[in-house]
Amino acid sequence: MASTAVNPADYQLQLDEKAERIQNIFADFETPELEVFASPAEHYRMRAEFRVWHEGEDLYYAMFNQATREKYRVDQFPAASRLINDLMPLIIDALKPVQALRHKLFQVDFLSTLSGEILVSLLYHRQLDEAWEAEAKALKQRLNDEGFNLNLIGRARKQKIVLDQEHVIEKLKVHDRVLTYKQVENSFTQPNGEVAQKMLEWAVDCTQESEGDLLELYCGNGNFSLALAQNFERVLATELAKPSVDSAQFNIAINNIDNVQIIRMSAEDFTDAMEGKREFRRLKDQNVDLQSYNCNTIFVDPPRSGMDEGTCRMVQGYERIMYISCNPDTLKENLAILSETHNITRFALFDQFPYTHHMEAGVLLERK
């Protein structure tokens, strides 16, 4: 199927097939009724990347069929947000007649938000000069005069020019609260804004009436940490990527949340610290006393590779485990360990990636 093949009439059928497939994957486990969270049938992706094709004087976006690797022209992209679709033709039409902007341009990346902000990155196979910067500033001003809330970035080998910021500010509604998030270019963010809100609400619902503190591994920009803070006395969260940690600190401050602490560590290092195998100066420098935390609940949102066995064994030490997974296969492997000590009490499918085989799952486990 081509990447642009979005057919709203088929949406419910593909969602039903995913629900059946994920239940089959976990058929060997005792799971409660699957909770299914649908996506909008179109205009759901907050991010999109396009190659740029040059044919004589013409310039257009291109994508590649994943099966055949054949190139095809893309003028509109129904999977992407309306904001991206509105801006796509305006950007390409503005680039065509301006040599300083089009010369050796090979890719355009869009990062949009539900809040109305958008960031466009132009990628080049050449070094950018003052002429590029002058034309890019004029383009940015013209589009903002037309009503867009737009920032531009130019990228080339070992070069990055930012006009005027390299992030967008997203606002996500979680039940009756609106949370503000800084999302940085080239850093991980949830691609489907509407489903991201549903995931946060589900996580908040699962942890109602919690006692003690929350430990979160792989916290990213604090996406879940901030939403869950209301249900716990304190939240201690770890993340390795520095841009994500910096964004998380910004997000804590802008949302006036005072019971979340982020530390920059890998899950594996944190496991060693919790078990007393090693001491880490960064914990002392941040005055983090692990023994002072009363963490009954742990939240994990690992990469596609899932958790290593050591981390799984550490996670088993908590009364409740909330696990968000972007890979059902590694989730299944991890659950083989976790289900030795815990029962699955909530089970959810989040359709982050409609019309693809990808599935995002949520599991709540409670000690037997």
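The values are calculated or read from the model by the stated rules, or taken from the named source; none is laboratory data. These numbers were taken from a predicted model, which means no experiment stands behind them. Cβ sites come from the backbone with ideal geometry, for glycine too, and all protein chains shown count toward neighbours. When the accessible area is computed, the model is the full protein with side chains, heavy atoms only, and any ligands, DNA or RNA have been set aside. Shrake-Rupley method; radii C 1.70, N 1.55, O 1.52, S 1.80 Å.
Values as computed for the structure displayed
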read-out: Taking N as its residue count, the alpha carbon Rg of the range 282-337 over 2.2 N^0.38 Å; value: 1.30
read-out: Computed FRET value (nearest 0.05) for ARG51 with THR345, which takes r as the C-beta separation and R₀ as 30 Å; value: 0.10
read-out: Accessible area (Å², 1.4 Å probe, nearest 10) - TRP53; value: 80
read-out: Using a Förster distance of 41 Å, the FRET efficiency for HIS103-THR356 (Cβ separation, nearest 0.05); value: 0.75
read-out: Rg/Rh for the range 100-185, where both radii come from Cα atoms and Rh is the Kirkwood radius; value: 1.05
read-out: Exposure ranking of LYS158, LYS104 by accessible area [1.4 Å probe, largest first]; value: LYS158, LYS104
read-out: Value of relative contact order over the range 119-271, rounded to a whole percent, pairs C-alpha under 8 Å and six or more apart; value: 17
read-out: Probe 1.4 Å - accessible area at VAL204, Å² to nearest ten; value: 0
read-out: Radius ratio Rg over Rh of the range 196-271, counting only Cα atoms, Kirkwood formula for Rh; value: 0.95
read-out: Dipole moment magnitude, nearest 20 debye, the range 127-226 about Cα centre, only Lys, Arg, Asp, Glu C-beta charged; value: 420
read-out: At 1.306 mPa s and 10 °C, Stokes D of the chain from Kirkwood alpha-carbon radius, µm² per second; value: 71
read-out: ARG142-LYS173 FRET efficiency (beta carbon distance; Förster radius 45 Å; 0.05 resolution); value: 0.90
read-out: Range of Cα positions in the range 139-207 per principal axis (Å), largest first; value: 44, 31, 15
read-out: Accessible area in square angstrom per residue, the chain, 1.4 angstrom probe; value: 46
read-out: Added length on full extension, which subtracts the Cα-Cα distance from 0.36 nm per residue, PHE280 to GLU30; value: 86.1 nm
read-out: Alpha-carbon gyration tensor eigenvalues x 5, square-rooted, for the range 220-368, Å; value: 25, 19, 15
read-out: Mean Cα-pair separation over length for the chain, i.e. relative contact order, pairs under 8 Å, 6 or more apart, %; value: 16
